[in-house]
Amino acid sequence: MAVVTADISVPPPDIARSPGFWSGVLRRLRHDPVAITALAILIILVLIAILAPYIAPYDPSKGSVIRRLKPIGTEGYILGTDELGRDMLSRLIYGARLSLIMGVVPVPVAFVIGSAIGIIAGYAGGLVNTLIMRTIDVFYAFPSVLLAVALSGALGSGLTNALVSLTVVFIPQIARVAESVTTQVRKLDYVDAARASGAPPATIIRVHILGNVLGPIFVFATSLISVSMILASGLSFLGLGVRPPDAEWGLMLNTLRTAIYNNPFVAALPGVMIFITSICFNLFSDGLRSAMDVKS
């Protein structure tokens, strides 16, 4: 007699997976209306900068003496004209390109360099830490504005030199934060266990250190973008950044300063754009910091 066997294997139960760290960050960030609004405004500004040739109504460098300092609301010139008769709306749109480049680019570069310096100093400790951090303190001792002006003055005006100057300004700040958090993580038990097991320093840093220190360093770096925007505009205002006739918000403030009594609203427009962009970066950075706080 044939024996019939039935498959009575029980499927494995579903294992509930806890959400990852970054999933939780995104979830908390989505519930922060202020941070989301700031991010939306920044995305719009980036899209405006990218699409400037297609959405700007006029050539930003083409002016006319008979159209000088037209007020806001003039027919054909919604935001008026500047001291050379150039359309302010077009110059603000094109100015977003250089302003965002000068404000954003130095921070990621400084993040990479400063993080590497700080992590090495924090992990090595001892004499290596002392030599690196005392050298960093030389630059950190100067106020950011003074150091940026001094470096730009020594290197000369221009976009590239301004970017280099701003990058050097932010490297010491990021390096100090990186060294501080790395020193704390280096003393934890699992790092001591990895060191005792014979793991090389490069492996310990890559596997055990980076994942725990990059988050706080990244959040601090994002808070520097708003500062970078203001410093970059200040360099252009002083003639140490972008050169005329390029459109950049800080440079536009400089060229319009003589018109403040004749047409104050037009002269203030570049400053308004700098303020809006800087405050949006600041608000988004605060929201990101709160979202990355696992205790919140």
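The values are calculated or read from the model by the stated rules, or taken from the named source; none is laboratory data. Treat the numbers as computed from the prediction; the structure is a model and nothing was measured. FYI the Cβ positions are ideal-geometry reconstructions off the backbone, even for glycines, and counts take in every protein chain you see. The accessibility values were calculated without ligands, DNA or RNA, using every heavy atom of the protein model including side chains. Shrake-Rupley method; radii C 1.70, N 1.55, O 1.52, S 1.80 Å.
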>> Show me the ranking of peptides 170-180, 73-83 by mean Cβ neighbours inside 10 Å, starting with the highest.
In response: 170-180, 73-83
> Kirkwood Rh, Cα Rg: Rg to Rh for segment 105-145?
Replying inline: 1.03
> Got a number for carbon plus sulfur as a percent of segment 245-296's accessible area, 1.4 Å probe?
Replying inline: 65 percent
> Taking amide H positions as placed 1.01 Å from N in the peptide plane, with prolines and chain starts having none, which residues 5 or more places from residue 74, or on another chain, fall under 5 Å of its amide H?
Replying inline: 80
>> Spelling out what I want: for every residue of segment 31-41, take phi, set θ = phi - 60°, compute 6.51 cos²θ - 1.76 cosθ + 1.60 (Karplus), and round to whole Hz; glycine and proline get x.
In response: 8, 10, x, 5, 5, 5, 5, 4, 5, 5, 5
> Given 5 Å bins starting at zero, what is the percent of C-alpha pairs of segment 152-291 in each, up to the one with the largest pair distance?
Replying inline: 2, 9, 14, 14, 14, 12, 10, 8, 6, 5, 3, 2, 1, 0, 0
> Could you give the angle, 0 to 90 degrees to the nearest 10, between helix 159-186's Cα long axis and the longest principal axis of the Cα atoms of the chain?
Replying inline: 30 degrees
>> Taking R0 as 25 Å, what FRET efficiency do you get between residue 190 and residue 36 from their Cβ-Cβ distance, rounded to the nearest 0.05?
In response: 0.10
>> Under the rule of at least 5 residues apart or a separate chain, name every residue whose amide H is placed under 5 Å from the amide H of residue 58.
In response: 90
> Hey, what's the per residue convex hull volume over the C-alpha atoms of segment 225-287, in cubic angstrom?
Replying inline: 73 Å³
> How are the Cα pair distances of the chain distributed, in percent, across 10 Å bins from 0?
Replying inline: 6, 22, 25, 20, 12, 7, 4, 2, 1, 1, 0
